[in-house]
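Input: a single structure, listed below in structure tokens.
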Amino acid sequence: MAITKAKKQEILASMKKRLASAKSIVFVNFKGLTVAETKILRRQLSGEKVGYFVAKKTLAKRTLNDLKVTGEMPEMPGELAIAYSDDLIAPARETYAFQKASRDKGSIAIVGGIFEGVYKNQAEMMEIATIPSLHVLQGKFVNLINSPIQRLVIAMEEIRKTRTIAE
């Protein structure tokens, strides 16, 4: 059943409103994703404050052309869904996490996106998706700072032990 012109205009306005304020947008090919898996994905994404919707490619391209994004739009094969958020990394990271989950048999894939106002291809978006979360990075930083202090304390303890034995 064809979509009327008025309905298309309504969809375009809705997409433009959603994507205009997004700092990061990920294009997802969801071929073969079941309804149950889609619900799980949507629930995971909404928990991280990431929006997700399915779009017709022609309407999505029309909306994306209006966003004033630089670079070349990546190829979008198959069915298209869009994940978007104000967080720069969350849409890519959460989509990638779902993609790697054991219940998913490769039925979704990141095919590109928009990061800081520039189109990115699949490889670039996958690099962004594998960046650890802020909490993990902070933990690694604290561990890095703590390591020399911890080694100094261990060395001082060994010196104390050898002096106690020598006396």
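The values are calculated or read from the model by the stated rules, or taken from the named source; none is laboratory data. No experiment lies behind these values; they were computed from the predicted model shown. Neighbour counts are summed over all protein chains in view; Cβ atoms, including those assigned to glycine, are modelled from backbone coordinates with ideal geometry.
Numbers at a glance
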| read-out | value |
| --- | --- |
| Test set (1) farther than 22 Å from Q122 by Cβ; (2) at pLDDT below 85; (3) under 18 Å from the mean Cα position of the chain (by Cα); (4) not charged (D, E, K, R) - T34 fails condition number | (3) |
| Enumeration of residues in region 50-72 that are closer than 22 Å to A2 by Cα, assigned to a strand (DSSP E or B) and touching a helix residue (DSSP H, G or I) at 6+ places or on another chain (Cβ under 8 Å) | F53, A55 |
| Odd one out for V69, checked against (1) more than 22 Å from L12 (Cβ to Cβ); (2) at pLDDT below 85 | (1) |
| Where T4 falls short, out of the listed (1) farther than 17 Å from L88 by Cβ; (2) of a type in the set (S, T, N, Q); (3) buried (at least 18 other Cβ atoms within 10 Å of the Cβ) | (3) |
| Of residues in region 78-125 being among the small types (G, A, S) and part of a strand (DSSP E or B), the one modelled with the lowest pLDDT | A109 |
| Failed item, numbered, when F141 is tested on (1) surrounded by 11 or more Cβ atoms within 10 Å (Cβ to Cβ); (2) part of a helix (DSSP H, G or I); (3) of a type in the set (F, W, Y) | (1) |
| Any hit, region 146-165, residues being under 30 Å from E94 (Cβ atoms), surrounded by 10 or more Cβ atoms within 10 Å (Cβ to Cβ), polar (S, T, N, Q) and under 14 Å from the mean Cα position of the chain (by Cα) | no |
| Unique residue being without any contact (Cβ under 8 Å) to a residue 40 or more places away in the chain, in a loop (DSSP other than H, G, I, E, B) and out of contact with any Phe, Trp or Tyr (no Cβ under 9 Å at 6 or more places or on another chain) when the list is E10, E75 | E75 |
